[in-house]
Amino acid sequence: MSTGPGFSSVLQLTDLNDFIAPSQACVKPIKQDDQVGIHEKKKVEITLGDCLACSGCITSAESVLISKQSYLDLYENLDKKKNGENIIVIVSLSHQAISSIGARYGKDFQESAQLLSSFFHSIGVDYVYDLTFARHLSLLECEKEFIKRKQSNRSTLTSICPGFVCYVEKTHGDLLIPLLSSVKSPQQIMGSLVKRVFIPSGQSSSTIYHCTVMPCFDKKLEASRIEFNWEDESADVDCVLTPIELETLFEKENIQFTNLSTRPIDLLDPLLQFNDYNNHQITTHSGNGSGGWSENIIRYADWYFNSSPLESRLPLTIQSKRNKDFLEVTLSSSAGEGKQLTFAIVNGFRNIQTLIQRIKRKTFNYDFVEVMACPSGCLNGGGMIRGDTIDNKLFDQVNQLYSSLETYNLPLDDNHETIKSIYQQFWPDESLQEKLFHTTFKAIPKTDNLLNVKW
C-alpha cells in the first residue's frame, strides 16, 4: 500500500488498493461547454479537492497532486511579487511548528519564532503572524456550539484534525458527521481573517497569498477543501508547509537558520486597541499540545451549567481509561446539583477505532471528545521534525518548548466586554460569523470504478 508523503495513518488505512500508477486514469465528471465542439478536446486538471471528494483512492493520488502545496509554490508567488504583480504574501505560524523548529536548532520558543519571522521576511514575505488569536476565536465558537448542543442532548466531536475528518467523511459519514463540530480550525479561521477581515489597504482577497506552517501534512488536505473556497473561488489558505519541509528548504538553499538576525512576529494591527501586544511575545492557551480544546471547553461548560468560577488554570482530574492517549474528565457541580459533564481526549487511530465502536454499540457517553489522528496529538504531527534516536528526546524538547509559553491574555468568555467589542466591531452580523468561523462536512459515497479493483 502506498503511504503518501507523510499523511496520517487514518488516511492511509483503507480496504481499497489505493496505489495509482502513472498510466491509470481518474474518473472525474466534466461539464461540457455548449460552445465547445464535440470533437474538440479540452485539457482536464485533477485537483487535490477532486481527490478529497472521491472515495476511490485516498492517499497516493493526493501525493501525486501535492506539488501545489509546497515551498516551490510559495517561491513562485514571491517571484511574481518581485516582478511587479500586486501580491501580498502572508505566512501564519502554528505553535507546534515553532516548537519543532526550536527543538531542532536548539533555540527557545520566542527566539525560534523571531528567526522564522526573519527568514520569511528575508525572502519577500510581507507579514508573518502566529495563530494564537485565530485559535482563540475557534475555541470561543466551539464553546458556544457546545452549549447549544448540550442543551439539546447532542454530543460533539472536534473537527480540527483533517486526518480524522477525511476518515469520517469517507468511511463513517452518516454515523459521525452529525457529531462533528462545525467550527473551523485555527488555520482556516486565520485564512478568513487575513483575506476577509484584516485586509491591507488597497488589497482584495484575490491579491493575498496566504501560507501556513503547520505540524501535519494533513493540513494541506484541509486547505484544499472546496468548502473553504469563497464566492470568488479564492481559498482561505493557499499553501501549507511543515517543519520537515522547512528543514529541507534550509538545507537545499544553504540557509544557516541560527545565524539569521531576529525579527519580531507581526501583529494584527486592529487588535492593538484591545490588548497590550507591545512585547511581541507569543502566548498560548491552557491545556495540551493540540490546543487545549477539551480543557478550555470543560472550564466554560462548568461555569455555564454549574456556576463554577471561570478560571484559566482550573485544576482538572484527568483519568487514563485505556492508555495515555485515551483520557477522560468528568465534572459535577460541587453542590451536587447541575449537570455532570464528561469529556474525553482521544489521540491515535487505534483509540479512534475504540471510540467509533462505542458509538456504534451505543455505549458512547461523552458530551465532548477532542480527537486527533496522531498519537500524543499535534505535538507529534506527521510534519514535525524527527530525531535521530529512538528515545524520543526531540519530542520531549518540543513538549518543553510548547509548555514554556504563558497563557493568552484575552478571556475565553463570549460575555466578556472585550470579546463582545471585538465581535461587534469586526463581524457584527451573525451570517458573517457563520461564513468566517464555520463550515460543513459531507459523506463521500463509495466510488465504483476501476480504481477500486484489486488486481
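The values are calculated or read from the model by the stated rules, or taken from the named source; none is laboratory data. All figures in this text were calculated on a predicted structure; none of them were measured in a lab. All Cβ positions, glycine included, derive from the backbone under ideal geometry; neighbour counts span all protein chains shown. The accessibility values were calculated without ligands, DNA or RNA, using every heavy atom of the protein model including side chains. Shrake-Rupley method; radii C 1.70, N 1.55, O 1.52, S 1.80 Å.
Within region 130-153, track down each residue that is open to solvent by 20 Å² or more (accessible area, probe 1.4 Å) and in contact with a helix residue (DSSP H, G or I) (Cβ under 8 Å, 6 or more places away or on another chain). Selection gives ASP130, LYS150. Given the structure, is ILE58 in a loop (DSSP other than H, G, I, E, B), among the β-branched types (Val, Ile, Thr), modelled with pLDDT under 90 and open to solvent by 30 Å² or more (accessible area, probe 1.4 Å)? No, not satisfied. Note on region 82-104: residues that are within 18 Å of GLU247 (Cβ to Cβ) and touching a helix residue (DSSP H, G or I) at 6+ places or on another chain (Cβ under 7 Å) amount to 12.
Exactly one residue among ASN409, ASN415, ASN399 is under 21 Å from LEU131 (Cβ atoms), out of contact with any Cys (no Cβ under 8 Å at 6 or more places or on another chain) and assigned to a loop (DSSP other than H, G, I, E, B), and that residue is ASN409. Within region 386-409, restricting attention to residues that are buried (at least 18 other Cβ atoms within 10 Å of the Cβ) and aliphatic (A, V, I, L, M), the residue that is nearest to ILE101 (Cα to Cα) is VAL398.
The residues of region 435-455 that are modelled with pLDDT of 50 or more and open to solvent by 60 Å² or more (accessible area, probe 1.4 Å), listed by number, are LYS435, THR440, LYS442, PRO445, LYS446, ASP448.
Within region 105-129, track down each residue that is of a type outside the set (D, E, K, R), part of a loop (DSSP other than H, G, I, E, B) and either open to solvent by 10 Å² or more (accessible area, probe 1.4 Å) or in contact with a helix residue (DSSP H, G or I) (Cβ under 7 Å, 6 or more places away or on another chain) (or both).
Once the filter is applied, which keeps residues that are of a type outside the set (D, E, K, R), part of a loop (DSSP other than H, G, I, E, B) and either open to solvent by 10 Å² or more (accessible area, probe 1.4 Å) or in contact with a helix residue (DSSP H, G or I) (Cβ under 7 Å, 6 or more places away or on another chain) (or both), region 105-129 yields GLY106, ILE123, GLY124.
Filtering region 174-230 to residues that are open to solvent by 30 Å² or more (accessible area, probe 1.4 Å), in a helix (DSSP H, G or I) and within 21 Å of SER159 (Cβ to Cβ) leaves ASP174, LEU175, ILE177, PRO178, LEU179, ARG196, ILE226, GLU227.
For region 369-378, the set of residues classified as closer than 10 Å to SER290 by Cβ and open to solvent by less than 10 Å² (accessible area, probe 1.4 Å) consists of GLU370, VAL371, MET372, GLY377, listed by residue number. Would you mind telling me which numbered condition in (1) in a helix (DSSP H, G or I); (2) crowded, with 24+ Cβ neighbours inside 10 Å; (3) touching a Lys or Arg at 6+ places or on another chain (Cβ under 9 Å) ILE160 fails? Unmet condition: (1).
Suppose we filter PRO270, PRO264 for residues that are more than 18 Å from the chain's Cα centre (by Cα) and either open to solvent by 50 Å² or more (accessible area, probe 1.4 Å) or without any contact (Cβ under 8 Å) to a residue 12 or more places away in the chain (or both); which single one remains?
Matching residue, one of PRO270, PRO264: PRO264.
For GLU247, are the conditions met, namely being in contact (Cβ under 8 Å) with a residue 12 or more places away in the chain, assigned to a helix (DSSP H, G or I) and open to solvent by less than 40 Å² (accessible area, probe 1.4 Å)? Yes. Reported count of residues in region 187-205, each being modelled with pLDDT of 90 or more, farther than 16 Å from ASP266 by Cα, more than 11 Å from the chain's Cα centre (by Cα) and not basic (Lys, Arg), is 2.
Looking across LYS68, LYS82, one residue alone is modelled with pLDDT of 80 or more, of a type outside the set (Asp, Glu) and surrounded by fewer than 17 Cβ atoms within 10 Å (Cβ to Cβ). It is LYS82.
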